[in-house]
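Below: one structure, written as structure tokens.
The values are calculated or read from the model by the stated rules, or taken from the named source; none is laboratory data. Every value quoted in this text rests on a predicted model; they were computed, and no experiment measured them. Cβ placement follows ideal geometry from the backbone for every residue including glycine, while neighbour counts extend to all protein chains displayed. Quick note on the areas: whole protein, heavy atoms, side chains included, nothing else; ligands and nucleic acids left out. Shrake-Rupley method; radii C 1.70, N 1.55, O 1.52, S 1.80 Å.
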Amino acid sequence: MMYWWQIILFPFALLFDVITRLRNRLYDRGIRQSTKFDTNVVSIGNLSIGGTGKTPMLNYLIDYFHAKDWKVATLSRGYGRNTRGFRLASTEDNADSIGDEPFMYYTRYKGVVPVAVGEERDLALSELYLHEPDTHVVLLDDAFQHRRLLPSASIMLTTYQHPFMTDFLLPAGRLREARSGARRADIIIVTKCPENISGAEQVKYREQIRSYSDAEVFFMTTVYHQPKPMFENDIPLKRNVVGISGLAHSGSFERHLQKHFGVKLTHHYRDHYRYKNQDVKDIIQELDDDTSLVTTEKDMVKLRHFDALQRFSCFYIPIEMKFIKDEALFLSTMESKLKNYVDDPN
């Protein structure tokens with residue numbers, strides 16, 4: 001069902017559909033060429049704009065490949081950064097120079113996982129291998145629409161709350177291209193599912209997805225971990241909190257706070273928001289001896305650079321995605337796409 005505002009915007013969505021279909025057809029027919037690398041490249045992306053869980057999915061894959069002793073690297077566009085071109089993250093970087101999500105990867109895996117950014121992923125991938133020639137697998141962040149590069153395996157995410165099968169093209173909806181684009185995916189994961197999603201509901205989602213793609217379908221839920229301190233100031237977590245988030249969809253984060261804390265108020269900024277001194281001053285006005293600031297890990301890497309917050313109780317909540325079932329099948333399906341590239345990295 002479409003809302004009235006979607007009906008008004010539908011003609012613009014049709015125009016957007018023509019443009020994106022034409023672009024995809026040029027690649028499908030080989031008129032525009034896609035580059036295929038002689039190594040493992042796993043793309044994680046979606047059909048919609050933001051909020052499908054790409055960041056925790058990348059964290060899951062990084063941890064998995066690292067546990068296998070594979071040398072893994074990440075490559076992102078670096079959305080919202082104030083630099084251009086290829087850049088390999090170093091101690092000189094921050095969220096402004098490489099983007100908030102890549103900087104979060106760098107902060108979490110510093111010294112273990114190379115983190116690179118570049119607008120043109122095919123060119124950036126070549127540059128990355130010049131710097132890190134022993135890399136066994138590169139994880140491409142948000143690259144489902146980047147047709148100039150042909151990945152070894154393509155993982156597409158869609159949320160339980162807003163699945164691509166019922167969404168519409170921009171600007172009437174949140175889709176970057178037609179639903180039929182899902183046929184390019186090797187694996188489709190329905191994210192942010194209730195932990196108790198029934199088997200019947202999983203079957204229903206699979207049947208709906210089958211109308212657009214033959215990809216294997218899996219279901220994941222979000223797990224919130226215990227809050228961690230933003231600073232080493234030994235100030236404990238308070239019962240009352242002010243929630244800060246800059247996400248595409250902040251609802252699940254805010255519901256988690258409401259369930260576990262006394263929420264004084266929440267501030268929801270737009271996705272990839274760059275915090276300013278005035279924002280921090282406004283936030284501090286809400287903090288006192290009985291109130292903590294609690295934020296997301298992505299926002300933490302930006303907020304902790306404001307020294308004014310160090311005298312307060314500030315925490316962030318790490319999250320991870322967990323398969324509801326069939327995790328082993330997912331891993332074997334993904335690895336089957338990689339066997340032609342690397343059988344034994346050692």
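Summary of values
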item: Inter-residue pairs, beta-carbon under 7 Å, first modelled with pLDDT of 95 or more and in segment 153-166, second assigned to a helix (DSSP H, G or I) and crowded, with 24+ Cβ neighbours inside 10 Å, 6+ apart; result: THR158/PHE164
item: Residues located in segment 5-32, provided they are under 22 Å from ASP142 (Cα atoms) and either small (Gly, Ala, Ser) or in contact (Cβ under 8 Å) with a residue 60 or more places away in the chain (or both); result: ALA13, PHE16, ASP17, THR20, ARG21, ARG23, ASN24, TYR27, ARG32
item: Of all residues in segment 58-86 being hydrophobic (A, V, I, L, M, F, W, C) and touching an Asp or Glu at 6+ places or on another chain (Cβ under 9 Å), the one that is farthest from ALA124 (Cα to Cα); result: LEU58
item: VAL117, sole failed condition from (1) under 15 Å from the mean Cα position of the chain (by Cα); (2) within 14 Å of THR55 (Cβ to Cβ); (3) of a type in the set (A, V, I, L, M, F, W, C); result: (2)
item: Segment 27-47, residues that are within 24 Å of ARG174 (Cβ to Cβ), out of contact with any strand residue (DSSP E or B) (no Cβ under 8 Å at 6 or more places or on another chain) and either not in a helix (DSSP H, G or I) or not charged (D, E, K, R) (or both); result: TYR27
item: In segment 48-79, residue surrounded by the fewest Cβ atoms within 10 Å (Cβ to Cβ) [restricted to those that are hydroxyl-bearing (Ser, Thr, Tyr) and part of a helix (DSSP H, G or I)]; result: TYR64
item: Residue list for segment 191-235, restricted to those being surrounded by 12 or more Cβ atoms within 10 Å (Cβ to Cβ), closer than 30 Å to PHE315 by Cβ and without any contact (Cβ under 8 Å) to a residue 60 or more places away in the chain; result: PRO194
item: Number of the condition not met by ASP234 [criteria: (1) touching a strand residue (DSSP E or B) at 6+ places or on another chain (Cβ under 8 Å); (2) at pLDDT below 95]; result: (1)
item: Enumeration of residues in segment 290-315 that are open to solvent by 30 Å² or more (accessible area, probe 1.4 Å), touching a residue at least 40 places away in the same chain (Cβ under 8 Å) and not in a helix (DSSP H, G or I); result: ASP290, ARG304, HIS305
item: Any hit, segment 80-87, residues being in contact with a strand residue (DSSP E or B) (Cβ under 7 Å, 6 or more places away or on another chain), in a loop (DSSP other than H, G, I, E, B) and loosely packed, with under 15 Cβ neighbours inside 10 Å; result: no
item: Test: residue in segment 37-47 that is charged (D, E, K, R), within 28 Å of SER336 (Cα to Cα) and open to solvent by 20 Å² or more (accessible area, probe 1.4 Å); result: yes
item: In segment 158-177, residue farthest from GLY53 (Cα to Cα) [restricted to those that are open to solvent by 50 Å² or more (accessible area, probe 1.4 Å) and out of contact with any Lys or Arg (no Cβ under 8 Å at 6 or more places or on another chain)]; result: PRO171
item: Odd one out for VAL263 among (1) over 24 Å from the mean Cα position of the chain (by Cα); (2) touching a residue at least 12 places away in the same chain (Cβ under 8 Å); (3) open to solvent by 40 Å² or more (accessible area, probe 1.4 Å); result: (3)
item: Count - residues of segment 138-152 that are out of contact with any Ser or Thr (no Cβ under 7 Å at 6 or more places or on another chain) and surrounded by fewer than 21 Cβ atoms within 10 Å (Cβ to Cβ); result: 2
item: Filter result for ASN240 (touching a residue at least 12 places away in the same chain (Cβ under 8 Å) and touching a Lys or Arg at 6+ places or on another chain (Cβ under 7 Å)); result: yes
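Yes/no per residue for (1) crowded, with 19+ Cβ neighbours inside 10 Å; (2) out of contact with any Gly (no Cβ under 9 Å at 6 or more places or on another chain); (3) in a helix (DSSP H, G or I):
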{"site": "ILE283", "(1), (2), (3)": "yes, yes, yes"}
{"site": "ASP288", "(1), (2), (3)": "no, yes, no"}
{"site": "GLU320", "(1), (2), (3)": "no, yes, no"}
{"site": "LEU329", "(1), (2), (3)": "no, yes, yes"}
